[in-house]
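Peer 1: Structure provided below as structure tokens; questions to follow.
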Amino acid sequence: MSRDVIVVGGGIVGCATAYFCARDGMRVTLLERRTIGYGASGRNPGWVWLHCRTPGFALDISRAGRALYPQLLEELPGGFEFRPSGGLMYFTTPEQGAVFEAFVAARRLDGLDMTLIDGAEVRRLVPPIRDDVLGASYCSEDAQIVTQTVVEALARGALAHGAAIREGVAVERLVVSGDRVVGVETNAGRLTADAIVIATGAWTTPLLAGDGVDIPIGGERLQVVSTVPQPFWVEPLVYGPSATWQYALFRDLPAWDPAAFATDRAERDGFVLLPLLVQRASGELYLGCATDYPGDLDPNPTLAGLGQIADGFARDFPSLRNVPITRAWAGYLPFTSDQAPVIDEVMPGLFVGAGHVFGNASGPVTGRVLSQLIAGVEPDIDISECRFGRPLDPIAVGAPTHW
């Protein structure tokens, strides 16, 4: 059994790995080149979204992750923000409604607790939405987190079990002895361990390329704005009809009608709007997401992206047109060509957990799985879809991905 573990990456996967390894008695050092939660984990809207997870690994690990959060709330010092809020995707025309009816029926066959609700119920749940909304799919299993608080709680839990966390330490390359990875070279010197875990999301590909490990992972940039706290309350996660284009679960339906959603697909200046809304416990709203696929991992929002968010929400949430904006930011959603992460021992001593397009749902469970792999224990989730060495296509700069 490996006892000394270095975890590279201070996001949700890395901090979960550090926590579970330390809890199981391993000696853990977590390295983060900036600060805990700086990257994708600290910049996303916090959706634990089962609504559109495909059957098989994606749905299984997402449900396992959703079930793990209440347990982590009890275990981790200081707690974190988690709300089993449910989620909905709304529609505005009868033609769209026919597609949603088929979608809900298919999701129920997959075992999800999902219903079709009418426009009056949508307006009750989402007070600022447009008056002519006709209905929505609603899934009670969706939930939300403030991901930064989860990452910080996992880090506190790892520290409580004896882990060391070193921020500001950048890994430059792997240290290899024979056919085994035995450490990392960093800006603070060489560090060695029995197991090295790479949990660096969209930054994994360039980090490992210099050592001949090819794992093509792309980054979808998501731009988000937040508002001042609002007097109304929106409990569920909210997705607009144009998000249907993103999911094969919609596009592969016999009832799918592209024309019914054509006017809702907002694509402009290289951005596609995936209209989402979530309200935090503070009352502030997060509104997003203008998405694009730049080659450089630039975490800054753009005027074009923010303009698209403003236009989309002025149309579907007209009462928000003059709501003051407090912040704007961008984050990165990592993905592979088949939309499954890589979770595996990719060479002796080197473990990877990266490429999670649904990291809020799957991140903590991935940390547990990686700790089991390091300990030589059979994982409690089937990860056969996530093994290293499966065929993955190169990521084309600027080319949008669909799930």
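Any read-out appearing in this document is the output of simple, stated calculations on the displayed coordinates, not a laboratory observation. Note that this is a predicted model, so its numbers are computed, not measured. We place every Cβ from the backbone using ideal geometry, glycine too, and count neighbours over all the protein chains shown.
Peer 1: Which number comes out as Rg/Rh for the chain once both Rg and the Kirkwood Rh are worked out on C-alpha atoms?
Peer 2: So for the chain, dividing Rg by the Kirkwood Rh gives 0.97.
Peer 1: Right, next: Would you mind calculating the relative contact order of the stretch 105-215 from Cα pairs under 8 angstrom and at least 6 residues apart, reporting the percent as a whole number? Walk me through the numbers on the way to the answer.
Peer 2: Values: 106 pairs, mean separation 15.4, N = 111.
The normalised contact order for the stretch 105-215 reaches 14 percent.
Peer 1: Another one. Please find the FRET efficiency linking residue 399 to residue 257, where r is the Cβ-Cβ separation and R0 is fixed at 25 Å, and quote it to the nearest 0.05.
Peer 2: 0.50
Peer 1: With a cut-off of 8 Å between alpha carbons and a minimum separation of six or more residues, what is the relative contact order of the chain in percent?
Peer 2: 24
Peer 1: Pull out the extension gain between residue 4 and residue 326, defined as 0.36 nm times the separation in residues minus the alpha carbon to alpha carbon distance; nm, one decimal. Write down the numbers at each step before the final one.
Peer 2: Values: separation 322, 0.36 × 322 = 115.92 nm, distance 4.36 nm.
Extending this stretch completely gives an extra 111.6 nm.
Peer 1: What's the FRET efficiency of residue 54 with residue 131 using the Cβ-Cβ distance as r and R₀ = 35 Å, to the nearest 0.05?
Peer 2: That pair, residue 54 with residue 131, gives E of 0.55.
Peer 1: Taking springs between alpha-carbon atoms closer than 10 angstrom, which of 192, 147, 291 fluctuates most in the Gaussian network model of the chain?
Peer 2: Maximum among the listed residues: 192.
Peer 1: Relative contact order for the stretch 211-300: what is it in percent, counting Cα pairs under 8 Å that are at least 6 residues apart? Provide the component values of the computation, followed by the final result.
Peer 2: On the way: 125 pairs, mean separation 38.9, N = 90.
That works out to 43 percent.
Peer 1: Run the simple label-point estimate for residue 110 and residue 378 please: 7 Å along Cα→C-beta, distance reported in nm.
Peer 2: 2.7
Peer 1: Right, next: Using R₀ = 45 Å, calculate the FRET efficiency as 1/(1 + (r/R₀)^6) where r is the Cβ-Cβ separation of residue 248 and residue 188; round to 0.05.
Peer 2: The pair residue 248/residue 188 has a calculated efficiency of 0.55.
Peer 1: Next question, about the same structure. Put a dot 7 Å past each Cα toward the Cβ at residue 98 and residue 280; how far apart are the dots in nm?
Peer 2: Computed distance between label sites residue 280 and residue 98 equals 4.3 nm.
Peer 1: Moving on to the next point. How far is helix 12-23 tilted off the main Cα axis of the chain, in degrees rounded to 10, range 0 to 90?
Peer 2: Tilt relative to the chain: about 50 degrees.
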